[in-house]
Amino acid sequence: MLKLILATKNQGKIEEMRTILKESDIRDGLEMHTLFCYPDIPDIIEDGNTFEENARKKAVTVSKYTGLITIADDSGLEVDALAGAPGVYSARFGGEGATDSENIKKLLSLLSDVPSEKRTARFVCVIAIALAGGEIQTVLGECSGIIGTRERGTSGFGYDPVFIVPEYGKTFAELGGDIKNKISHRAIALNRLRSLLKDIIHQD
């Protein structure tokens, strides 16, 4: 059994990551823990300029602290009409400690005069895996969509209620976990991570 840490306290991310990895063919070889199991680990300041920088920093820091294999992701929303914002500031777009609702409110306010054809956006997820020996690898997942004009749906978290997937004509919050966990940026990145974990389990 391979013991690893999901380096996050975001309950939404934890649920998605556990669900996707447990549905894969490596689920029986994994024992997954989160930062809630390690309360003494200090908060990690995400001060990188890219998703990859932040993911690497979190994975390496937690792995060094615990001596265990660590998976860390950094993800966010990039809106074309806002020159890629909120980007790495997605979680605090509405200010430090902002709620999902406050972040969405600011986003919709900035896009209030932008027509639908120019509201293109993408969710981006970079996942870093840090091994106990210091090796680190990353994978990338992206999902393209359109930013709606109002919140729709009740599931998910973050910007899910305003992120419309054109193929379905629904927001992530309307699609629900079953579909989102197959097509989302995090799902794509985690599926790419599976091959790395297979190799690690085999070596272990």
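Every number in this text was worked out from the coordinates using simple rules, so none of it is lab data. Model, not experiment: these values are computed from the prediction. Glycine also receives a Cβ, built like all others from the backbone with ideal geometry; neighbour counts cover every protein chain displayed.
For E46 and S116 in one chain, what is 0.36 nm times their gap in residues minus the Cα-Cα distance, to one decimal in nm? Can you show the working numbers first?
Numbers: separation 70, 0.36 × 70 = 25.20 nm, distance 3.20 nm.
Length difference between fully extended and current span is 22.0 nm.
Each residue of segment 180-190 in order: what ³J(HN,Hα) in whole Hz does its phi give by Karplus 6.51 cos²θ - 1.76 cosθ + 1.60, θ = phi - 60°, with x for Gly and Pro?
Once rounded to whole Hz, the list reads 4, 6, 10, 10, 6, 4, 6, 5, 4, 5, 5.
Order by neighbour count: T8, T50, fewest other Cβ atoms within 10 Å first, most last. Each step should come with its number before you reach the end.
Details: T8 19, T50 13.
With the sparsest Cβ surroundings first, the list reads T50, T8.
Tell me the angle of helix 51-66 to the major Cα principal axis of the chain, expressed in degrees between 0 and 90 and rounded to the nearest ten.
So the inclination is approximately 30 degrees.
Using each residue's phi in segment 99-113, evaluate 6.51 cos²θ - 1.76 cosθ + 1.60 at θ = phi - 60° and report the 3J(HN,Hα) Karplus result to the nearest Hz, with x for Gly and Pro.
Those phi angles translate into 7, 4, 4, 5, 5, 5, 4, 5, 4, 5, 5, 5, 9, 4, 9 Hz.
Give the lysines reachable from K105 as a straight Cα distance under 27 Å; neighbours fewer than 8 places away on the same chain don't count.
Partners within reach: K9, K13, K118, K170, K180.
How large is the dipole of the chain about the Cα centre if only Lys and Arg carry +1 and Asp and Glu carry -1, each at its Cβ, rounded to the nearest 20 debye?
180
Considering only DSSP beta bridges whose two residues both sit in the chain, what percent are antiparallel, to the nearest 5?
Values: 26 of 34 bridges.
That works out to approximately 75 percent antiparallel.
Please identify, among I41, I164, I127, the residue showing maximal mean-square fluctuation in a Gaussian network model of the chain using a 10 angstrom Cα cutoff.
I41
Say we join alpha carbon atoms closer than 10 Å with springs in a Gaussian network model of the chain; which of E151, E53, E15 then has the biggest fluctuation?
E15
Please compute the modelled spin-label separation between F157 and L108, points set 7 Å along Cα→Cβ, answer in nm with one decimal.
Those two pseudo-labels are separated by 2.1 nm.
For K182, project a label point 7 Å along Cα to C-beta. Then give me every residue of segment 135-162 with its amide nitrogen under 17 Å of that point.
Backbone N within reach: 143-144.
Convex hull over the alpha-carbon atoms of the chain: what's its volume per residue in Å³?
Details: hull volume 22.6 nm³, N = 204.
Dividing the Cα hull volume of the chain by its residues yields 111 Å³.
For an R0 of 41 angstrom, estimate the FRET efficiency from the Cβ-Cβ distance between A98 and M1 and round to the nearest 0.05.
The pair A98/M1 has a calculated efficiency of 0.60.
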